[in-house]
1. Report for the chain the percent antiparallel among DSSP-assigned beta bridges with both residues inside it, nearest 5.
2. At a 10 Å Cβ-Cβ cut-off, how would you order Asp256, Asp141, Asp477, fewest neighbours first?
3. Please list 56-64, 192-200, 492-500 highest first by mean number of surrounding beta-carbon atoms within 10 Å per residue.
4. Lysine pairs, Cα distance under 24 Å, 8 or more residues apart or cross-chain: how many in the stretch 267-373?
5. Report, in whole Å, the centroid distance computed from the Cα atoms of the stretch 488-513 and the stretch 315-357.
6. Calculate the FRET efficiency for Ile178 and Lys459 from the Cβ-Cβ distance with a Förster distance of 25 Å, rounded to the nearest 0.05.
7. Under the classification rounded if a/c is under 1.5, otherwise prolate if a/b is larger than b/c and oblate if not, where does the chain fall, given a ≥ b ≥ c as square roots of the Cα gyration tensor eigenvalues?
8. For the stretch 396-546, what is the number of Lys pairs with C-alpha distance below 20 angstrom, counting only pairs 8 or more positions apart or on separate chains?
Amino acid sequence: MAAAKPHDMNGGSEMDPCLMLDGHRKAKFAEDGNSVDVDTPKGIARKSALHRAETYLREKTELNRRQLIFVLATVFVLFLLLIVVIVLAACWPRSTHAKDFPVCRLPACLQASAQMLHMMNESVSPCHDIRSFSCGAWLNDHPLPSTRSIWNQNKQLEFATRQRIRELINTMPHENRITSVSWKVKHFYESCMSLDNLEADKAQPLRKTITQLGGWHVLRDFDMLSWDFPRVLEILHKDYGVSPFFKISVVVDARDPSQNIIQVSPSGLGLPDRSYYYRGTNNPVVIAYKRYLKDMVQLLGATGPDASSFAEEMFHFEKRIAEITPSLDELQDPATTYNRITLEALKSHAQSIPLLQILNAMFPKKNIAETTEILVVSRQYLGTISRIISTTDRSALNNYVLWTFASAYLPYLSQEYTEIVNEYIKGLTGLSEPVPRWEICVSTLQKFMGLAVAAMYQKAESDTEQKRKIVTEMFDDLRGVISEEVSASNWMPEELKDHVFQKVATMGIQVGFPQFMLENSYLENYYYDFYIHKKDFFTNIKYGVVFIRRDDALRRYKVPSEENRWSDSLIGSDVVYEPTANRIIVPLSLLQPPFFQGYLSRAMLYGTLGVRLSSAIVASTTLYGGVLADSHGRLLLPETPSMNIDGSSMPSSIHAQAKAAARRAQLCLVHSLASTESETDRIRVNRTAHQVNTNINAVSLSYRVRILNHKI
C-alpha cells in the first residue's frame, strides 16, 4: 500500500514554487520605499489619477495623446523662460554698460558727428581709397567754383574771412578823422570799388609814370642817350616797390634776432617759378605769358610787330635770369642763404649794381656807407646779374625794367587792362571766370593794410580768450609728446637730440595779436605815414607801396621790436613756426569753421587744428623748417659753436647732422613713392619730399596725442 504524501499542518495542498517566488518579489518591492508596484493599492491610485487627468484634458482640449504631450512640454519650456526673465530682471544693473563708455549724446558732439559724416563717403572702402572715404562727400558737395583754380577747406576758410572783412567794412561806423585807421581802411576799399574813376583814368596814371622814368623803348618814346639806368632802378625800388633783378627788404637778423638787417634776394621773373621757362614753346603757360606780354604793350600803344618782338625778347631775357636763379632747395636752406657782406666787398663783386645809391635813397638818415653789412641770399646770383646788366644793350634793359614796373601796376587800371590780366591768369591757373571785384579789393586791402584789417577782424570776434585757452592747451599736449619722443629716439645723434629737445621744450605760442597791438593809439601811430586819397585808387596803391617798402621798412630798420619777428605771420591764414622767435604763430582768422568751433570735441580739434599745430611743431625740427635755430632763435651756422645743456660750448655739427637726417627721410620717401623707371616721378617726389614728410609726421603726432590723452 502506498504511503500517503505529506501535507501542511493546515491541511492545504502542496505550494507552487513559482507562486512562492512571486510572493517573495512582491514582498521585496513592498519594502522598497522608492518603488511601488502598480498592482499595489497606492500605484493603482496614482495611475488612476493620471489617467483621469489625461482623460479630462483630452476631453476639454479635444487633443490626442501626442498633441497633449507637445502642448504640456511647450508650457513647461515657457514657464522656464519666464523664470529666467524674472531672474535677469532682478539681477540687471541699474545703469547700462553703454553709459560707462564715452558715447556721443551732447548737442555739441552730435553736431560735430554730423559735420564729419557729411564729409564722408561711406560707400567707399577706407582700405581701398582713404581719401574718398574721408572726403568724398565734401568733394561732391563742393565742386570747383568758376573763380577758383584750387578749392579746398583752406581756400574756403580764406574766402569766408574775406566775406567777414567785407561785412565789417560795410557796417563800419562813420569816421571823420582822416588820421584814424578806420577812415583809411574804409576809403582805401571804397576807392578800389569806385570803378567809374578807374574807367575815366584808363592808363593815364601808368603812362605818366612811364614818361617820368624816361620812356619805354617798345612804345618808341625812349631816348637811349639820356636814359639813366641807375636812377630809374633807384626810383623803381624806392617809390614803386618794383624789384627788377633783385629785391631789397628788411628782415630779422637770424644770427641776432634782436636786430633787423637789410637783405638782397633774387627777383625779376614774370612767371611764378623758374621751371616755367624750361617748358616747350607749345606749352599753354608759355603761350599765355607771351600773349600777355604782346597784348599789354599793344594796348598801351605799341605796334603789332613791335609787340610780338617785345614778347619774344622779354621771355628769353627773363629765361637768362631764370637760369642763374638759385633752386628752391638752395633758397630753403637758411645756412647757405645767410651771407653777410659789406657793401664795399659786394661792389667789387657786382660792379654794375648801384646798391649803395639805392639803399641810401630807401633808408635816408641811416648813414649807410660802404662799410655797412647786409645779407645777400646768393653772391653768385648778384655777380652774374651784374655781368648780364653790363653786357645787355640799353634798349633791352629799358624794355625789361619798364615791363617789371608796368606788370606790377596793370591790375590796378581800368577794365580793358584787367581783362588782359585775367586772360593771362586763366591760362596760367585755369580760372573760368575772374574773381569778383569786392574780393579783389579786400585782398588788396589785406596786402597794404594787413595789420589794420587783422586787428579789425580780431576785435570783432567773441570768445577770443576761450579760443586762445583751448589752442594753448592743445599746443602744450603736442609739445609734451614730441619732447618725449625726441628723448626716446635712438636714431638721432646725441648733439642733435639735445638741441631739438631744448628747442621744443622752450617753444612758445602766439594766438592772435596781443592786446597792445589792437589799441587805436598803436594802430594810428603805425599807419601815421600812410596817406589815403578818397577816390584815387591808383594813387592809393602808390602810397601803399611807399609805406610798405620805404616807411615801414625804414622804421623796422631803425627801431627793431620783438613783435617784428612774428607779427607779419599773424596777418596770414595758416599756422607757422617762426624760427627767430622760437614760437608757433596762430592767426585768429584760422579759428573758425571748419578748422575750429568752440563746441567741437577734442578728438575733432586734433584732427583739424591739431594737425596744423603739429605740422608747425614738426617743421621746427626739420632742416628747412627751423632746426638750425637754437632755443633763442639764433641761427647755428656750420662753423658756429653750439651751447650744451650745461652751458658749455662746443663746435657745432648740428647742420651736418640735420642735413643727413633730412636726406635719409627724403630718400626713404622717394624709394617708397617714386617709380625707379620714371625720372619725372623722382624729381616730383624730391621737390615735395620735405613737405610730405612733415605732413605725415604731423598727422601721426596729432593722432598719438589724441590717443594718449583720451580727450573727448
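Here, each number is a calculation from the coordinates, and none is a lab measurement. Just so you know, these numbers come straight off a predicted model, no measurement behind them. For neighbour counting, all protein chains shown are included, and Cβ atoms are generated from backbone atoms with ideal geometry for every residue, glycine included.
1. Values: 17 of 23 bridges.
Percentage antiparallel, nearest 5: 75.
2. Values: Asp256 15, Asp141 9, Asp477 20.
Taking fewest neighbouring Cβ atoms as first place, the list is Asp141, Asp256, Asp477.
3. Details: 56-64: 11.1, 192-200: 14.2, 492-500: 18.9.
So the peptides 56-64, 192-200, 492-500, ranked by packing, come out 492-500, 192-200, 56-64.
4. On the way: Lys290/Lys319; Lys294/Lys319; Lys347/Lys365; Lys347/Lys366.
Close lysine pairs found across the stretch 267-373: 4.
5. Cα centroid to Cα centroid, the span is 33 Å.
6. Working: r = 21 Å, r/R0 = 0.83.
FRET efficiency, Ile178 to Lys459: 0.75.
7. Working: a/c = 3.28, a/b = 2.81, b/c = 1.17.
Because a/c hits 1.5 or more and a/b exceeds b/c, the chain counts as prolate.
8. Going through the stretch 396-546 pair by pair, I get 7.
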